[in-house]
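Presented below is the structure to which this report refers.
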Amino acid sequence: MKLSTKGRYAVMAMVDLACQGNGKPVSLADIAVRQEISQSYLEQLFGKLRKGGLVKSVRGPGGGYILARPADALRVADIILAVDEPMRTTRCRVGSPSGCHSDKSRCLTHDLWEELGNQIYLYLSSVSLGDVAGRRVLGTSRVFQAVEERRPAAAAPAVEPVPAH
């Protein structure tokens, strides 16, 4: 499954909002700077997130966006779906009985990729925005980092005294 920038940026911006907001409005300009995302692109994404009921806009001086619900109640899958990001792993049209081949049959690996998509959706549905913001999602890079941190420091090589002649 390829997740486009739309879904990734929406999740990044929402994590930023969860981390920086603390119940106070956060401006898209600030999120844009911190996350290195175009502000105009964020405006498009946040329009969809607002329509999806995930954020609320606050107008006026000091305005911006706040989370519509606590971060632990918002799921990563909901964020991705709110910005119209389909979670597809097959070439076939979602929900269609016909396949992607020219004769409308399904490819031999269709069920494999469709089940992978289901598993990805289940995983993203199990992870809350609060989990990501609180760094409670342990990725493999952090697993390797934790292993490295537990290793004892390499001892200096023993130096044999050189006998005097």
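What follows draws every value from the coordinates through simple rules; no lab data is involved. Everything quoted here is computed from the prediction, not taken from an experiment. FYI the Cβ positions are ideal-geometry reconstructions off the backbone, even for glycines, and counts take in every protein chain you see.
Test of understanding: what is the full-extension gain from GLN119 to CYS100, defined as 0.36 nm times their sequence separation minus their Cα-Cα distance?
Additional length available on full extension: 4.7 nm.
If each residue's Cβ is checked for other Cβ atoms within 10 Å, how do HIS101, HIS110 rank with the fewest at the top?
In increasing order of surrounding Cβ atoms, one gets HIS101, HIS110.
Can you give the extra length, in nm with one decimal, that the chain gains between ARG34 and VAL137 once fully stretched, where that is 0.36 nm per residue apart less the Cα-Cα distance?
Gain on extension, ARG34 to VAL137, equals 35.0 nm.
Relative to the present Cα-Cα distance, how much length would full extension add between ALA73 and ASP111 at 0.36 nm per residue of separation?
Result: 10.5 nm gained on full extension.
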